Amino acid sequence: MTDILRPRRSVLAALSLATLGLLSACASTTSVPPTTPGAISEETRMMYMAVDDGDITVPAIEDKYLTEAKKRQVVDYWSDEKPGTIIVDPGARWLYQVLEGNKAMRYSVAVGAEGLSFSGTANIALKREWPYWTPTQNMIRREPETYKPVASGLPGGLENPLGARALYLYKGGRDTLYRIHGTPSPWTVGHATSSGCIRMFNQDSMHLYERTPKGTKVIVLTKGQSGQGTVPPGTTLPATAALEAPAAPASAT
């Protein structure tokens, strides 16, 4: 039995160390967390404290990965979309959920470092708590030693690359292979780190999950649309460069 378990444990360790294995196009490209602490309020710290979720305790987000700007918060936002609609702005590293009265709940997210795997309109067709993860065939072909032993997938948990919650985007009844999900790597949030999917602090993924029913409309903006909705109609947007967050350190993989 020990010999059978050893390869699986080795694979899990490799996935954790490399922060790899995000569903479909969501493979990570960073493994080195930043070390500069942010000045945060006690209220913000409480928002991201450890939380019991069934038989799993979601770890607190360390202060050094948080700032007052990165915490989830209600902001001014101008949109004709109905309340509840999710608008992802990868260029600015924000996800907005539209509220009434020209407001939105804003979340900090990690996005693809090499461009988007999806843009346009989709709907949330599936929702999963502690989602199961399965490597794609491309991953298995590219790194068979790492992924073939877990080709049948990994159960949800603290080491799972999809984190505590996942929202699955479909378009025209077909899976876009694009996900909005939590992450076991909080240092990636607010940066360009993965090759496609949108990831959030686990606590934020849980918060969004509870507010998002199946069927919710999702709009993923293009780079040219970045900043849309953040100023009143007729107002000139700030330069895109001013909206973008810096990229996280990339790994050698």
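FYI, it's all coordinate maths here, none of it is from the lab. Every value quoted in this text rests on a predicted model; they were computed, and no experiment measured them. All Cβ positions, even for glycine, are placed from backbone atoms using ideal geometry, and neighbour counts span all protein chains on display.
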With 5 Å bins from 0: P(r) over the stretch 154-238, alpha-carbon pairs, percent: 3, 12, 19, 20, 20, 14, 8, 2, 1, 0
Counting other Cβ atoms within 10 Å of each Cβ, which GluC sites (Glu not before Pro) in the stretch 90-175 have at most 15 and sit in a DSSP loop? Glu100, Glu114, Glu159
For Lys127, which lysines qualify as cross-link partners when the Cα separation must be under 18 Å and same-chain residues fewer than eight apart are set aside? Lys171, Lys214, Lys217
Of all trypsin sites (Lys or Arg not before Pro) in the stretch 179-218, which ones are in loop regions per DSSP and have a Cβ with at most 13 other Cβ atoms within 10 Å? Lys214
Table column - 3J(HN,Hα) (Hz), the stretch 205-221, Karplus curve with 6.51, -1.76, 1.60, x for Gly and Pro: 5, 5, 5, 5, 4, 5, 9, 10, x, 4, x, 4, 6, 10, 10, 9, 6
